Amino acid sequence: MSNYILETRNLTKEFKGFTAVNDVNLRVQRGHIHALIGPNGAGKTTCFNLLTKFLVPTSGQILFNGKDITAAKPASIARMGIIRSFQISAVFPHLTVLQNVRIGLQRQLGTSFHFWKSERSLDQLNDRAMALLAEVDLTSFADTITADLPYGRKRALEIATTLAMEPELMLLDEPTQGMGHEDVHRVTALIKKVSSGRTILMVEHNMKVVSGICDKISVLQRGAMLAEGSYAEVSANPQVMEAYMGSDAAELAGAH
(Lines give C-alpha, C1' and ligand atoms only; values in the text may rest on other atoms or scores of the structure.)
Protein backbone atom coordinates (compact mmCIF):
# COMPACT_ATOMS: atom_id res chain seq x y z
CA MET A 1 0.00 0.00 0.00
CA SER A 2 1.28 3.49 -0.83
CA ASN A 3 2.79 5.60 1.91
CA TYR A 4 0.29 8.28 0.89
CA ILE A 5 -3.29 7.87 2.11
CA LEU A 6 -4.56 10.82 0.04
CA GLU A 7 -3.25 12.31 -3.18
CA THR A 8 -4.53 14.97 -5.55
CA ARG A 9 -3.19 15.25 -9.08
CA ASN A 10 -3.51 18.61 -10.84
CA LEU A 11 -6.71 19.28 -8.87
CA THR A 12 -8.48 22.33 -10.32
CA LYS A 13 -11.79 24.07 -9.60
CA GLU A 14 -13.06 26.97 -11.65
CA PHE A 15 -16.13 29.12 -10.96
CA LYS A 16 -17.21 31.14 -14.00
CA GLY A 17 -13.78 32.34 -15.00
CA PHE A 18 -12.34 32.39 -11.47
CA THR A 19 -9.89 29.61 -10.57
CA ALA A 20 -10.33 28.83 -6.86
CA VAL A 21 -8.07 25.76 -6.82
CA ASN A 22 -5.34 25.69 -9.44
CA ASP A 23 -3.41 22.54 -10.37
CA VAL A 24 -2.91 21.38 -6.76
CA ASN A 25 -0.81 18.28 -6.13
CA LEU A 26 -1.29 17.36 -2.48
CA ARG A 27 0.14 14.22 -0.88
CA VAL A 28 -0.88 13.33 2.65
CA GLN A 29 1.33 10.72 4.30
CA ARG A 30 -0.30 7.94 6.30
CA GLY A 31 -0.17 8.59 10.05
CA HIS A 32 0.71 12.28 9.69
CA ILE A 33 -1.02 15.41 10.94
CA HIS A 34 -0.93 17.52 7.78
CA ALA A 35 -1.97 21.18 7.73
CA LEU A 36 -3.32 23.19 4.84
CA ILE A 37 -2.62 26.86 5.49
CA GLY A 38 -2.66 30.09 3.52
CA PRO A 39 -3.98 33.66 3.61
CA ASN A 40 -7.75 34.28 3.40
CA GLY A 41 -9.09 33.42 -0.04
CA ALA A 42 -6.21 31.01 -0.73
CA GLY A 43 -8.61 28.17 -1.65
CA LYS A 44 -8.28 26.02 1.50
CA THR A 45 -12.00 25.47 2.09
CA THR A 46 -12.66 24.92 -1.63
CA CYS A 47 -9.94 22.28 -1.56
CA PHE A 48 -11.61 20.61 1.44
CA ASN A 49 -14.97 20.72 -0.36
CA LEU A 50 -13.42 18.98 -3.37
CA LEU A 51 -11.86 16.27 -1.19
CA THR A 52 -15.20 15.51 0.52
CA LYS A 53 -17.12 15.75 -2.76
CA PHE A 54 -19.26 18.74 -1.77
CA LEU A 55 -17.85 20.22 -4.96
CA VAL A 56 -16.97 18.49 -8.23
CA PRO A 57 -13.50 19.30 -9.60
CA THR A 58 -13.23 20.98 -13.01
CA SER A 59 -10.24 18.75 -13.73
CA GLY A 60 -7.67 16.59 -11.95
CA GLN A 61 -7.84 13.48 -9.79
CA ILE A 62 -8.30 12.56 -6.12
CA LEU A 63 -6.88 9.25 -4.88
CA PHE A 64 -7.58 7.63 -1.51
CA ASN A 65 -5.46 4.60 -0.62
CA GLY A 66 -4.39 4.52 -4.27
CA LYS A 67 -7.97 4.32 -5.55
CA ASP A 68 -9.39 7.04 -7.80
CA ILE A 69 -12.34 8.58 -5.91
CA THR A 70 -12.75 11.66 -8.14
CA ALA A 71 -16.26 10.62 -9.22
CA ALA A 72 -17.39 9.13 -5.88
CA LYS A 73 -20.40 10.54 -4.00
CA PRO A 74 -20.07 12.15 -0.51
CA ALA A 75 -21.79 9.22 1.25
CA SER A 76 -19.50 6.65 -0.32
CA ILE A 77 -16.43 8.75 0.59
CA ALA A 78 -17.61 8.70 4.21
CA ARG A 79 -18.11 4.93 4.07
CA MET A 80 -14.53 4.56 2.81
CA GLY A 81 -13.33 6.31 5.98
CA ILE A 82 -12.88 9.98 5.01
CA ILE A 83 -14.79 11.89 7.68
CA ARG A 84 -14.98 15.66 7.89
CA SER A 85 -15.57 17.71 11.00
CA PHE A 86 -17.19 21.02 10.13
CA GLN A 87 -16.04 24.55 10.83
CA ILE A 88 -19.40 25.28 12.45
CA SER A 89 -20.11 22.91 15.28
CA ALA A 90 -22.13 20.09 13.71
CA VAL A 91 -23.87 18.48 16.65
CA PHE A 92 -27.51 18.18 17.77
CA PRO A 93 -27.88 20.98 20.36
CA HIS A 94 -30.92 19.60 22.20
CA LEU A 95 -29.58 16.08 22.72
CA THR A 96 -27.15 15.09 25.44
CA VAL A 97 -23.46 14.67 24.77
CA LEU A 98 -23.84 10.86 25.03
CA GLN A 99 -26.80 10.82 22.63
CA ASN A 100 -24.80 12.77 20.03
CA VAL A 101 -21.98 10.22 20.08
CA ARG A 102 -24.46 7.32 19.93
CA ILE A 103 -25.92 8.76 16.71
CA GLY A 104 -22.41 8.74 15.22
CA LEU A 105 -22.08 5.09 16.27
CA GLN A 106 -25.44 4.04 14.79
CA ARG A 107 -23.83 3.70 11.38
CA GLN A 108 -22.22 0.45 12.54
CA LEU A 109 -25.64 -0.95 13.46
CA GLY A 110 -27.02 -0.23 10.01
CA THR A 111 -29.80 1.86 11.57
CA SER A 112 -28.31 5.24 10.75
CA PHE A 113 -31.51 7.06 9.98
CA HIS A 114 -34.01 5.03 12.00
CA PHE A 115 -34.55 7.71 14.59
CA TRP A 116 -37.93 6.22 15.42
CA LYS A 117 -36.39 2.94 16.61
CA SER A 118 -36.57 2.07 20.28
CA GLU A 119 -33.92 3.85 22.31
CA ARG A 120 -33.18 0.47 23.84
CA SER A 121 -31.63 -0.69 20.57
CA LEU A 122 -29.09 2.10 21.06
CA ASP A 123 -28.22 1.13 24.61
CA GLN A 124 -25.78 -1.46 23.30
CA LEU A 125 -23.74 1.48 22.02
CA ASN A 126 -23.38 3.12 25.43
CA ASP A 127 -20.10 1.42 26.38
CA ARG A 128 -18.44 2.40 23.10
CA ALA A 129 -19.88 5.92 23.34
CA MET A 130 -18.55 6.34 26.89
CA ALA A 131 -15.12 5.08 25.74
CA LEU A 132 -15.10 7.76 23.02
CA LEU A 133 -16.13 10.44 25.53
CA ALA A 134 -13.26 9.33 27.76
CA GLU A 135 -10.92 9.68 24.79
CA VAL A 136 -11.88 13.35 24.40
CA ASP A 137 -12.15 14.08 28.16
CA LEU A 138 -15.93 14.52 28.15
CA THR A 139 -16.96 11.67 30.49
CA SER A 140 -18.27 14.07 33.14
CA PHE A 141 -20.39 15.85 30.50
CA ALA A 142 -22.15 12.69 29.21
CA ASP A 143 -25.61 13.75 30.44
CA THR A 144 -25.20 17.46 29.66
CA ILE A 145 -27.46 18.94 27.01
CA THR A 146 -25.09 19.86 24.18
CA ALA A 147 -26.38 23.44 23.89
CA ASP A 148 -25.14 24.02 27.46
CA LEU A 149 -21.56 22.94 26.74
CA PRO A 150 -18.76 25.53 26.68
CA TYR A 151 -17.59 26.25 23.11
CA GLY A 152 -14.29 24.38 23.32
CA ARG A 153 -16.05 21.31 24.74
CA LYS A 154 -18.51 21.40 21.82
CA ARG A 155 -15.57 21.09 19.47
CA ALA A 156 -14.28 18.15 21.54
CA LEU A 157 -17.72 16.54 21.19
CA GLU A 158 -17.59 17.10 17.45
CA ILE A 159 -14.25 15.28 17.33
CA ALA A 160 -15.81 12.43 19.36
CA THR A 161 -18.74 12.14 16.90
CA THR A 162 -16.20 12.19 14.04
CA LEU A 163 -14.25 9.39 15.76
CA ALA A 164 -17.50 7.44 16.15
CA MET A 165 -17.59 7.14 12.35
CA GLU A 166 -14.25 5.27 12.56
CA PRO A 167 -12.33 7.55 10.21
CA GLU A 168 -9.14 6.42 8.56
CA LEU A 169 -8.61 10.04 7.47
CA MET A 170 -10.06 12.90 9.54
CA LEU A 171 -10.52 16.29 7.89
CA LEU A 172 -10.67 19.06 10.49
CA ASP A 173 -11.86 22.44 9.23
CA GLU A 174 -10.41 25.16 11.50
CA PRO A 175 -10.81 23.14 14.72
CA THR A 176 -9.66 25.97 17.03
CA GLN A 177 -11.47 28.87 15.34
CA GLY A 178 -13.05 31.35 17.76
CA MET A 179 -11.54 29.77 20.87
CA GLY A 180 -9.85 31.31 23.88
CA HIS A 181 -6.30 30.33 24.79
CA GLU A 182 -7.23 27.57 27.24
CA ASP A 183 -9.64 25.91 24.79
CA VAL A 184 -7.10 26.13 21.96
CA HIS A 185 -4.56 24.39 24.17
CA ARG A 186 -7.03 21.67 25.17
CA VAL A 187 -8.29 21.00 21.62
CA THR A 188 -4.72 20.98 20.24
CA ALA A 189 -3.70 18.37 22.82
CA LEU A 190 -6.85 16.43 21.94
CA ILE A 191 -6.06 16.41 18.19
CA LYS A 192 -2.54 15.16 18.98
CA LYS A 193 -4.00 12.43 21.21
CA VAL A 194 -6.63 11.16 18.73
CA SER A 195 -4.15 11.25 15.83
CA SER A 196 -2.57 8.03 17.12
CA GLY A 197 -3.17 5.37 14.47
CA ARG A 198 -5.03 7.83 12.23
CA THR A 199 -4.23 10.44 9.61
CA ILE A 200 -5.43 14.04 10.03
CA LEU A 201 -5.64 16.77 7.40
CA MET A 202 -6.57 20.12 8.87
CA VAL A 203 -7.19 23.68 7.75
CA GLU A 204 -6.00 25.91 10.57
CA HIS A 205 -5.27 29.64 10.96
CA ASN A 206 -3.57 29.45 14.35
CA MET A 207 0.15 29.11 13.62
CA LYS A 208 1.02 28.06 17.17
CA VAL A 209 -1.29 25.07 16.70
CA VAL A 210 0.24 24.25 13.32
CA SER A 211 3.83 24.56 14.55
CA GLY A 212 3.06 22.50 17.65
CA ILE A 213 1.46 19.37 16.18
CA CYS A 214 1.81 19.18 12.39
CA ASP A 215 4.25 16.85 10.66
CA LYS A 216 3.87 18.54 7.29
CA ILE A 217 2.41 21.80 6.02
CA SER A 218 1.13 22.75 2.57
CA VAL A 219 0.74 26.46 1.86
CA LEU A 220 -1.85 27.61 -0.67
CA GLN A 221 -1.95 31.04 -2.24
CA ARG A 222 -4.55 32.14 -4.79
CA GLY A 223 -5.58 28.52 -5.23
CA ALA A 224 -2.09 27.22 -6.06
CA MET A 225 0.50 25.34 -3.99
CA LEU A 226 3.09 27.88 -2.83
CA ALA A 227 5.27 25.76 -0.56
CA GLU A 228 5.36 22.49 1.34
CA GLY A 229 7.46 21.00 4.11
CA SER A 230 8.00 21.05 7.86
CA TYR A 231 7.00 24.11 9.87
CA ALA A 232 10.65 25.26 10.03
CA GLU A 233 11.01 24.98 6.24
CA VAL A 234 7.73 26.67 5.41
CA SER A 235 8.06 29.54 7.90
CA ALA A 236 11.56 30.35 6.60
CA ASN A 237 10.41 30.44 2.97
CA PRO A 238 10.58 34.04 1.62
CA GLN A 239 7.56 33.49 -0.68
CA VAL A 240 5.47 32.29 2.25
CA MET A 241 6.56 35.29 4.35
CA GLU A 242 5.52 37.58 1.49
CA ALA A 243 2.14 35.85 1.13
CA TYR A 244 1.54 36.45 4.83
CA MET A 245 2.53 40.13 4.66
CA GLY A 246 2.09 42.12 7.85
CA SER A 247 0.69 40.73 11.09
CA ASP A 248 0.26 37.22 9.71
CA ALA A 249 3.93 37.09 8.79
CA ALA A 250 4.89 38.13 12.31
CA GLU A 251 2.63 35.41 13.65
CA LEU A 252 4.15 32.87 11.28
CA ALA A 253 7.66 33.73 12.47
CA GLY A 254 6.69 33.97 16.14
CA ALA A 255 5.06 30.57 16.43
CA HIS A 256 8.31 28.64 16.85
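The values are calculated or read from the model by the stated rules, or taken from the named source; none is laboratory data. Because the structure is a prediction, the values reported are computed rather than measured. Because the Cβ atoms are built from the backbone with ideal geometry, glycine has one as well, and the counts that use them run over all protein chains shown. We work out accessible area using only protein heavy atoms, side chains counted, and drop any ligands, DNA or RNA first. Shrake-Rupley method; radii C 1.70, N 1.55, O 1.52, S 1.80 Å.
Averaging over all projection directions, the Cα-based convex hull of the range 31-86 occupies 4.6 nm² in the image plane.
Here the label points at Ser140 and Gln124, each 7 Å from Cα along the C-beta direction, are separated by 3.3 nm in the simple model. Under the simplified labelling scheme, the Asp23-Asp68 pair shows an inter-label distance of 2.1 nm, with each label point 7 Å from Cα along Cα→Cβ. For Lys193, list the lysines whose Cα falls under 24 Å from its own Cα; do not include residues on the same chain fewer than 8 positions away. Output for Lys193: Lys154, Lys208, Lys216. Based on the Stokes-Einstein relation at 20 °C and a viscosity of 1.002 mPa s, and on the Kirkwood radius from alpha carbon pairs, the chain is assigned a translational diffusion coefficient of 113 µm²/s. Taking 12 Å as the straight-line reach from the Cα of Lys13, the aspartates and glutamates in range (excluding those fewer than 8 positions away in the same chain) are Asp23. Can you compute log10 of I(q)/I(0) for the range 163-216 with the Debye formula, treating each Cα as one identical point scatterer, at q = 0.24 Å⁻¹? Cα-only, vacuum Debye calculation for the range 163-216: -0.99.
For a straight C-alpha distance cut-off of 17 angstrom, the lysines reachable from Lys67 (same-chain residues fewer than eight places away being disregarded) are Lys53. Among Met130, Met207, the order of accessible area from largest down is Met130, Met207, computed with a 1.4 Å probe on protein heavy atoms.
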